[in-house]
Amino acid sequence: MSRSEDIGFWKNLILVSIFFVVTPLTLGVSLFSLFSLKSTSITKKVFASSVNSITTSESGVRVFASIPRESPLVTENIGSTDARPEIVREYLEIYNSPLLPYSNSIVQAADKYSIDFRLITAIAQQESNLCKVIPPGSYNCWGWGITGGGTLGFNSFEDGIETVSKGLRENYLDKGFSTVEQIMSKYTPQSNGSWAAGVNQFMSEME
């Protein structure tokens, strides 16, 4: 065998050896990469199944939010507060009225007899400057029951609130006197309209 043939033989042998070494290594790397990608894909699918998808209609962006393990319990009690006693109280406080401690009683009586909660306060403002100008010891802030012989008296402000509220329902509203002007025509028929104008104004101040 000549020297050139000997070199060619060893060259071919080296190439064949490299082929048999490199080829399995390449196949191994390829298979490893394939399985790794497949595993990653499966992991993504599992992850995707454990989240909520919330899609915004405007931007088209998909946002993922984790699903809680347990649904939260809503235990807060939602209630509403009647603002009417506070409206009456603030109005009476502005004018330093002796009726100030009775704002709840005024609203309760209004509900009991189905009248506007502002009505007897407005009448008291018109008749007695909210109980500051009344016959001593009468507790009559509303000019209720005025006769030639004097003015009707009550045992207390609460008694007056109850009596006047009931009287407005039974003697006025139930008999068709449903507006302040109509009530005026019976309550104080000598008025030229100023009584109704005043009561309406005071009621509007409590809106």
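FYI, it's all coordinate maths here, none of it is from the lab. Just so you know, these numbers come straight off a predicted model, no measurement behind them.
For region 84-204, the square roots a ≥ b ≥ c of the C-alpha gyration tensor eigenvalues yield an a/c under 1.5, which makes the shape rounded. Can you classify region 94-151 as rounded, prolate or oblate using the Cα gyration tensor, where a ≥ b ≥ c are the square roots of its eigenvalues, rounded means a/c under 1.5, and otherwise it's prolate if a/b beats b/c and oblate if not? Taking the square roots of the gyration eigenvalues as a ≥ b ≥ c, region 94-151 is oblate.
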